[in-house]
Amino acid sequence: MAKPLRMLIVEDSEDDALLLVLELRRGGFAPEARRVETADDMADALVTGTWDVVISDYVLPGFSGLDALKLVQKSGQDIPFIIVSGKIGEDTAVDAMKAGANDYFIKGKISRLVPAIEREMQEAEVRRKRREAEAALVRSERRYRRLVDAVTDYIYTVRLQNGTVVSTSHGPGCLKVTGYSNEEYESNPFLWYQMVVEEDQPAVMQLTERILQGNDVDVPSLEHRIRNKDGSIRWVVNTIVPRYSDSGELIAYDGLISDITARKRAEENLRLQSAALEAAANAIVITNPEGMVIWVNQAFTRMTGYTPEEAITRDMSFLKSDLHDMRFYQDLRGTINSGEVWQGEMINRRKDGTLYTEEQTITPVTDDIGRIMYFICIKQDITERKLAEKAMMENTSMLKEMEIAKQIQLSLLPPAPPQRRGIECAGRCVPATHIGGDYYDLFYNEKHLDMVIADVSGHSVGAALMMVETRSVLHARQRGLHRPAETLAALTNLLYEDLNRAELFITMAYLSFNFATRQITYTNAGHPPPVLYRPASGMFQELDTDGLILGVRKDVAFEEKSIAVEPGDILLLYTDGITESENPKEEMFGQERLCEVLAAHSHKNAAGIIAAILNALSAFSRNTISKDDISLLVFKFLPE
């Protein structure tokens, strides 16, 4: 059966190429040949085809056999290259062989061509197998190095004579685990024991004595700590196998040291997390993706009456009160199954049948590819709080008193903003409930106009009282403080204790306008940044700086910046009750919409701009009851 042969012929004579093909057929080959005669054609053939041999004429028009040889070598392919030419001398042939050609023949004398091709193909196959073997060896060595680098175990041997340690040897991994080399252990047979942390040495010594007694074939593993050469503490597990002579004498023992530091740290973290979850005041439940309970803490038992044994493996529906419709639970499930956090209130039923209201947050926990593996539910019993709120709101006299408090609180705001040459201003506060935590104020003298706007967290009486206290402190201290950052730094120290006890915080922006330089100096404590609008260019700029909200800690440093204003500029101070107002679709009004309204009505006076913003907000929310207080201050800078 003819042997297949893929042959690339570099020849300008079609007849000579045909003679080569016929000669190879007579020699038992079934050649599949392609003839090329230019460098471009040959380069294309080397890229698009796979060849067993290249047979090339030495002299071609505009091309040569040596050029063809260089193309083969440049391609990086190991293809036998044979020159067959009628115009080649012996010296030229020798030069071609030195350049890399495998053989050469004179046209008309190619009787040795067939055995030469067979020989070169066999040698090429040998070279190919050798390259594959070398590549496999390199890959094997790389795998071995990666394996050695990843191993955190090593074997050691302790040799004994008459019950006394005479030498130790440690495997290559000892350097990575302990920081010491085998040579250091050989020079000091007791180095291993000296490395053991002092508190663990008695246990190690007890294990050693047990081995030396020679009565225990199965010695238990021991976990203990060692001090690495770099001073760090490592956890290891020490597994020992005694070795006895034919007479039963203990002559050595071999050990396997495994570095378990990472595991020990993970176990410690797990213990701390578990202890924290158990000690939490709020009830915590962990479920699988189907909602089956797999863990609850003690606070859950106190809240519901169900023990862990009674709750685990049950669906969370066993707490249902039947007071919520199916749509409520479908919306809840849809939210958490989409990977989002659900927060809300629901009424559930305890084991004894009583109802309670809980505030709940359900957080999905996903794996590395985003699949939901668990749900963590944090529950707080707010029954008493809800009852107290209901009783308070149902008390008519309390409502009347709240209305009075509202009027008092509003009266504390500047009744009529000062009108100075070169500046026009207006302000408005709209509480979400009877009383609120928003506050703005103005302080002015011949040189400066100071502007402040603040938001106390919450809408309770406590928030309103804290607002009053903040105003009082500002009025008492304002004359002695000269810069915005200085004012906020003093304020956070003075209010910290009261805010901390009340579990409240305050955001505040404080600005000071210099009439002479027409510059605004400003600072911020976590408040929505005031907006400076320049109608001449249509540009908006947020006046924001770095600063922590008031009530988090004392001795806070606030960043302070300055900016020049031009005639026609408009400054807007506001609270987040505006930007976070929602419409029935739960879309927020947002800062972008606020700026659009400001730009559209910038031709109006300050009071007109405020009215336009409030009208736009009402149209957007479709008269939905606001969840937060709304406060606004607008300043128009006019030519003097």
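Elements of the type helices (runs of 4 or more DSSP H) sitting completely within region 560-640 and holding at least 2 residues that are under 20 Å from Y444 (Cα atoms) and either small (G, A, S) or open to solvent by less than 30 Å² (accessible area, probe 1.4 Å) (or both): these cover 606-621. Might you check whether a residue that is in a strand (DSSP E or B), in contact (Cβ under 8 Å) with a residue 40 or more places away in the chain and under 17 Å from E14 (Cα atoms) occurs anywhere in region 48-55? Yes, the conditions are met somewhere in region 48-55. Selection of region 621-632 for residues being modelled with pLDDT under 90 and not charged (D, E, K, R) yields S621, N623, T624, I625, S626, I630, S631. Looking across region 141-200 at every residue that is of a type in the set (G, A, S) and surrounded by fewer than 13 Cβ atoms within 10 Å (Cβ to Cβ), the one that is modelled with the lowest pLDDT is identified as A150. The residue that is modelled with the lowest pLDDT, counting only those in region 414-437 that are assigned to a strand (DSSP E or B) and within 15 Å of L572 (Cβ to Cβ), is C429. Of the residues making up region 170-190, those that are in contact (Cβ under 8 Å) with a residue 12 or more places away in the chain and not β-branched (V, I, T) number 13. The residues of region 57-90 that are in contact with a helix residue (DSSP H, G or I) (Cβ under 8 Å, 6 or more places away or on another chain), over 22 Å from D15 (Cβ atoms) and part of a loop (DSSP other than H, G, I, E, B), listed by number, are Q77, D78, I79, P80. Evaluation of E120 against the conditions (1) open to solvent by less than 50 Å² (accessible area, probe 1.4 Å); (2) more than 27 Å from P4 (Cβ to Cβ); (3) among the acidic types (D, E) shows that the sole unmet condition is (2).
Of the set (1) open to solvent by 20 Å² or more (accessible area, probe 1.4 Å); (2) assigned to a helix (DSSP H, G or I), all apply to F300 but (1). For region 19-34, filtering for residues that are open to solvent by 90 Å² or more (accessible area, probe 1.4 Å) and under 13 Å from V84 (Cβ atoms) leaves 1.
Filtering region 192-246 to residues that are in a helix (DSSP H, G or I), among the aliphatic types (A, V, I, L, M) and over 15 Å from D259 (Cβ atoms) leaves A203, V204, M205, L207, I211, L212. Looking at I284, I260, just one residue is more than 24 Å from K176 (Cα to Cα), open to solvent by less than 30 Å² (accessible area, probe 1.4 Å) and modelled with pLDDT of 85 or more, and that residue is I284. Within region 247-281, track down each residue that is touching a Ser or Thr at 6+ places or on another chain (Cβ under 9 Å) and not in a helix (DSSP H, G or I). Those that are touching a Ser or Thr at 6+ places or on another chain (Cβ under 9 Å) and not in a helix (DSSP H, G or I): I251, A252, Y253, D254, G255, L256, I257, S258, D259, I260. When residues in region 330-342 are screened for being loosely packed, with under 11 Cβ neighbours inside 10 Å and part of a helix (DSSP H, G or I), 1 of them pass.
Residues checked against (1) in contact with a helix residue (DSSP H, G or I) (Cβ under 6 Å, 6 or more places away or on another chain); (2) exposed (fewer than 15 other Cβ atoms within 10 Å of the Cβ); (3) hydrophobic (A, V, I, L, M, F, W, C); (4) part of a helix (DSSP H, G or I):
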residue	(1), (2), (3), (4)
T313	no, yes, no, no
F328	no, yes, yes, yes
Y356	yes, no, no, no
T361	no, yes, no, no
I369	no, yes, yes, no
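Taking region 450-551 as the region of interest, the strands (runs of 3 or more DSSP E) fully inside it that hold 1 or more residues being open to solvent by less than 30 Å² (accessible area, probe 1.4 Å) are 506-514, 519-525, 531-534. Evaluating E542 against the criteria (1) under 22 Å from D438 (Cβ atoms); (2) at pLDDT below 90 leaves one unmet condition, (2).
The values are calculated or read from the model by the stated rules, or taken from the named source; none is laboratory data. Computed from a predicted model, the values in this text were never measured in an experiment. Note that we place each Cβ from the backbone using ideal geometry, even for glycine, and neighbour counts take in every protein chain shown. In case anyone asks, the SASA skips ligands and DNA or RNA and just uses the protein heavy atoms, side chains included. Shrake-Rupley method; radii C 1.70, N 1.55, O 1.52, S 1.80 Å.
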